[in-house]
Structures are given as structure tokens and as C-alpha cells.
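Enquirer: I'd like to ask you about the structure that follows.
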Amino acid sequence: MSVKPPLLDLPIKIAERGFYNGFILDVTITSKLAVGALVLWAVAFPQQASDVLAGFNSFILANFALWYFYVMAAFVLACIVLALWPAAGRMKLGGPDDEPEFSRFSWFSMMFGAGIGVGMLTWAVAEPIYHFNKNPDVIQGLATSGGTDNVLNAFKWSYLHWGFSAWSSYAIAGLALGFFAYRRGLPLTIRSSLAPLFGRSLSGPVGHAIDIVAVIATILGVAQMLGFGVEQFVAGMARIGIGDWLINEQGTASSLGIIVAIVIIMGASTLSALSGVGKGIKWLSNLNMVLSTFLLGFFLLFGSSWFGLNALFVGGFEYLMALPSMIFTVYSGDGETAKALEGWQGAWSVFYWAWWVAFAPFVGLFLARISKGRTIREFVVGAVIAPAIMCFVWFAFAGGTAIEMELTGIAGGAINSVPDGDKIFAMTGLMLSPVLGWLMAVLIVVLLMTYLVTSADSAVLIVNTINAAGDEGPKARPHILFWGITLGMVVAALLLVGGLKAIQTAMVIGALPFSLVMVLMCVSLFKAIYRDGMRERAGLQTTYEQVS
């Protein structure tokens, strides 16, 4: 079979003057109009928007659950193959002489902070508690709701959603983008990752459509994360005594509380984004990793240590043994049990798979941006295994402490009865004296703030990078303000008209088209690696640095 040199040039037409100087007009304007229309529609016709979004969401959950499951399973298998495949594992994301820009600590801190950091503060406590009471094993009568025989199941299902599946989707996106940007010299944007499949046609409408889908998915995926974060941030501010006006009668964030929280978070994140990756984002990532380590150390030392160790190691073993079944099983049927299983899976697993896909263009491009010079094997270990283990540790010790407190009656329902975002505050309040509990609440609010700002400013930076054909330069800075404000408006509009459910629904819909793009990215990456092996044997160039 004959093999040709790789595509090393992908010209993308950008504006050369005016307000959009340096940007792809078709991508930038279309994505702004699409996101702006969503905000205006949600505000002007809230009931209609809610009904239409809910209808689309029901259709997707009913018809594409199988697709999401098989796609996520494929990403896990692909990462395993890439790490074990000798020809792939030793390849660098860059030329032979390229070295990593960041230390391993900063690299891991930025990955974890941008990828899942916010979720740990909400779901490391809330999700194990929920699954302790209800999960597929309970629904099928194989375990007791709230019983000791259901403890490991609570962690098994939590690990499924926050473990290898989530990080494998990020890794595939990051590897594909980094591979073609740093080995081929193509623009650091989503379309470049499909070069082996579509070639130079990506310079035109096909490439524009791919980048537009990625921008919309990114905005909706990050809006989902910010929605949860805003609810928890408001709960934390109320806990430390900022004011009762932050909370409504239902115990969730009030309209004024939502607006105040978004102004604070998006204002800080926009300022951080203006400073770039090497300054604001790096410093904030290091700060939130230090604060996270302190908080996790608190749970390790003063929480349910033995319970947490059992949840980590025994629960982790249960997860690994059940993983093949869990990532391929899609519940369906007409009976009462089958319907309950299908409803649980749609509300949890399918929702999470859509969330990780929607998050993938943002996290993947960000991971690629900070990973130049690392090998594919190092990338997989650093971007899949290490963060997944960190998530398991958080869930085991934070969630394990909460479950034991409820199981033994110490909590007396105080953790179960509050909203998800408030559970970690309720738990630490029970563990400490009033004064120390208040200080811990302040620390958690600060940590949450740094995570939210890190994720939001990274997202704004990434959206501008996609719109500017992979260029992160100073000419993108005026548009950082636009996307910072717009992202805040998306979160505020959807929260105010429909709560977190509205954001979840919009995100699931936006993730669907990008899931197809991600499958193509995976195919494209494997094709490129295989062809590079053939090129090396034929003495042909494989990286753009080798061009004379």
C-alpha cells in the first residue's frame, strides 16, 4: 500500500481588519448568534423554551441512550489501546526536541481544575449519598436502600460516572487536537483533528460547521458546570452569613443570589482569562490544588478514614470488575422495574455521558494546549488514570464520611435533607464546632470560587481559540469580554427560567452532534498513528519540524 506525506498545512480564512481581525467570521458570528438566540428565547418565551427543550431531551434519551453508552465505551477502549500500543505510546505531541512547558504538578493541577474540580465539591458528597439510597442494584432488589449491603454499590456507580469514562473522553479530544497541532503544525482547533478524514476540505464550510458545533457544545457544557457551581456558591455564602436573601423558600439559590454569584464568578474569570494560561489560570490552578489537598487531608484525618479506605479499595475493585458490564448495559423494557432502571439511567449515566461529551471540546483543547512535548502514553496516564484515581479518593473519603454519618445516625438526616450543593457544608458543620465549621465553610467557598473561575476562564479562552483558528494571541482579547458576559448570561437565563433542569436539557441536546465529531476524532487519530508508522518505515516525514 502506497503512503503519502501527511497534511502539514490547513489554511483557514480569517478576517484581516476590523473588529473581527484574526477571527473566522463564519464561525465566530454564527456561534455568537446561535448562543445569543438561545438566551433571548429562554428569557422572552420561558415556557415555550422549557417545553421545546424538554421534548427534544425526551427524544434524545429515548433514542440515543445506546449511542452514548457505546461511544463512551469506545473512548475507554481507545485510551487503553493507545497506552499499550508501542508505536503510539512513544510518540510525542510535538517534535523530537519539544519539551513540556509546565511541571508535572502544574500540568496535573490545570487538568484536574479545568476538568472536574468543581464537581468534586458538589458530587463527592451528594452522589454517593444518593446512590446509597437508590441505584440499579436497589431497583432490581439486589441491595437494600440505605443498608450496609448497599455501601459498595453507592461507590461503584459513583466511580462509573466520574472515573475512566469521563477522563477517556477528554483524553481522546486532547490527544487528537495535540497530535495534529504539534506534530503536523495544523491550527489548534477542532477541525484540525479530522484532517486524515476530510483533508483540505476542512478549510471551508465543513470545517466551519465542526468548529461551530464545538463552540456551542462548550458553552452549554460549561454552563452546566457553572449552574451547579452557582447553586453551591450561593449555599456557601449563605452558610457563612452573607445574608438570607441568597436563598429562596425552597432552600435553593434565589434570583438575586444567582445574579450576584454569576457577576462575581464571571467577572473574576474574565480578568483571569485576559492574563492567559501561563499566568492567571496557572496560578489559580496551583492555588485550588493546594486548597483541595488541605480539604481532602481534613477528610482523611478527621473523617471516616477506615470507611473511606474500604470504599476506595474494595469499592474500586468492585468498580473495575463491574466496569465492562456497566459501560455496555443499556436498560429498556415495559415492566415497572425496567422503566425504573431506564429512568435512573437517563437521569444519571446518559446525562453524565452527554455532559462529558459537551465538556470535551473545552477540556480537550485545554489539555492539548498545556501538553505539548509529552508522549501519548504519558498523556493517557496523566489525563485518564491519575485524575480518575483522584476522583475516587475524593468520593471515598468525602462521600464515605457522609454515608457513615447517615448510616450510624450521627447526621440524623441532616445531610440527606439539604440540596446537593449544601451537603458538603452540612457535613463539615456536623463534624466541627460552630467556629471551626464557619472557617471550613469559608475555605470551601474560596476553593469553589477558584475552581469556578479556573473552569470559566479556561472555557472563554478556548472558545476564542477555536474562533481565531487556533490562535490564542492578544488579538483575541476584546472578544474575551463578550464570551465571559455571554457565558454568564446563558447560565443566568436558563437558571432563572427553568433552574438546573433547563441547563441540563440544553446541554444534552447540544452534546449530541459533537458526540459524532468525537467518534470521527478517534478514528482520525488511529488512522494518523497507523499511517505514521508506515511513513517511518518508508522514510517519509511525519512531523512538520522535518520539513526543509
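Enquirer: Taking the mean number of other Cβ atoms within 10 Å as a proxy for protection, how do you rank 308-314, 411-417, 359-365, 174-180 from highest to lowest? Could the numbers behind the result be given before it?
Expert: On the way: 308-314: 19.0, 411-417: 15.7, 359-365: 30.1, 174-180: 28.6.
Order by mean packing, descending: 359-365, 174-180, 308-314, 411-417.
Enquirer: Per residue, how big is the convex hull around the C-alpha atoms of the chain? Give it to me in cubic angstrom, could you? Can you show the working numbers first?
Expert: Values: hull volume 80.6 nm³, N = 548.
Residue-normalised Cα hull volume stands at 147 Å³.
Enquirer: Say the dipole of the chain comes from +1 at the beta carbon of Lys and Arg and -1 at that of Asp and Glu; which of Ala402, Leu296, Phe526 then lies farthest toward its positive end?
Expert: Phe526
Enquirer: What FRET efficiency comes out for Lys339 versus Asp51 if R0 is 25 angstrom and r is the Cβ-Cβ distance? Round to the nearest 0.05. Numbers along the way, then the final one.
Expert: Values: r = 23 Å, r/R0 = 0.91.
Once rounded, the FRET efficiency stands at 0.65.
Enquirer: Can you tally the net charge around Glu99? Count Lys and Arg as +1, Asp and Glu as -1, for every other residue whose Cβ sits under 11 Å from the Cβ of Glu99.
Expert: On the way: positive: Lys92, Lys372, Arg374; negative: Asp97, Asp98, Glu101.
Spelling it out: positives minus negatives among the neighbours equals 0.
Enquirer: Show me the ranking of peptides 443-449, 158-164, 241-247 by mean Cβ neighbours inside 10 Å, starting with the highest. All intermediate terms of the calculation are to be shown ahead of the outcome.
Expert: Numbers: 443-449: 20.9, 158-164: 25.0, 241-247: 13.9.
Listed from highest to lowest mean packing, they are 158-164, 443-449, 241-247.
Enquirer: Would you mind getting the accessible area per residue of the chain, heavy atoms of the protein chains only, 1.4 Å probe, in Å²?
Expert: Result: 37 Å² of accessible area for each residue.
Enquirer: Follow-up. Going by amide H atoms built from the backbone, whose H comes under 5 Å of the H on Ser304, apart from near neighbours?
Expert: Under 5 Å from the amide H of Ser304: Thr401.
Enquirer: Here is a further query. Could you work out the helix-only [θ] at 222 nm for the chain, with each DSSP H run of four or more residues adding -39,500 (n - 2.57) and the total divided by the number of residues, to the nearest 500 deg cm²/dmol? Don't skip to the end; give the middle numbers.
Expert: Numbers: 22 runs with 387 residues, N = 548.
So the calculated ellipticity at 222 nm is -24000 deg cm²/dmol.
Enquirer: Past the 19 Å Cα-Cα mark, which pairs from Lys339/Lys423; Lys92/Lys372; Lys32/Lys372; Lys156/Lys501; Lys156/Lys339; Lys4/Lys92? Provide the component values of the computation, followed by the final result.
Expert: Values: Lys339/Lys423 29 Å; Lys92/Lys372 8 Å; Lys32/Lys372 30 Å; Lys156/Lys501 25 Å; Lys156/Lys339 22 Å; Lys4/Lys92 21 Å.
The pairs that break the limit, which is 19 Å between Cα atoms, are Lys339/Lys423; Lys32/Lys372; Lys156/Lys501; Lys156/Lys339; Lys4/Lys92.
Enquirer: How high is the relative contact order of the chain, in percent, counting Cα pairs under 8 Å that sit 6 or more residues apart?
Expert: On the way: 847 pairs, mean separation 190.3, N = 548.
Contact order relative to length: 35 percent.
Enquirer: Between Ile247 and residues 5 or more places away or on another chain, which pairs have amide H atoms under 5 Å apart, with H built 1.01 Å from N, and which residues are they?
Expert: Hits under the 5 Å cutoff: Ser254.
Enquirer: Give the long-range amide H neighbours of Thr375: residues separated by 5 or more places, or on another chain, with amide H under 5 Å away, using H modelled in the peptide plane at 1.01 Å from N.
Expert: Residues meeting the criterion, in which the H sits 1.01 Å from N, are Leu93.
Enquirer: Taking the Cα centre of the chain as the origin and placing charges on Cβ (Lys, Arg +1; Asp, Glu -1), which of Asn133, Met111, Asn21 is farthest toward the positive end of the dipole?
Expert: Asn21
Enquirer: In whole percent, and with a 1.4 Å probe on the protein chains, what portion of the accessible area of the chain is carbon and sulfur?
Expert: 66
Enquirer: Another one. So what is the relative contact order of segment 130-281, in percent, for Cα pairs below 8 Å that sit 6 or more residues apart? Write out the running numbers ahead of the final one.
Expert: Numbers: 98 pairs, mean separation 14.2, N = 152.
In percent, rounded to a whole number, it is 9.
The values are calculated or read from the model by the stated rules, or taken from the named source; none is laboratory data. Please read all numbers here as calculations on a predicted model, not as lab measurements. Cβ atoms come from the backbone with ideal geometry, glycine included; neighbour counts cover every protein chain shown. Heavy atoms of the whole protein, side chains included, go into the accessibility calculation; ligands, DNA and RNA do not. Shrake-Rupley method; radii C 1.70, N 1.55, O 1.52, S 1.80 Å.
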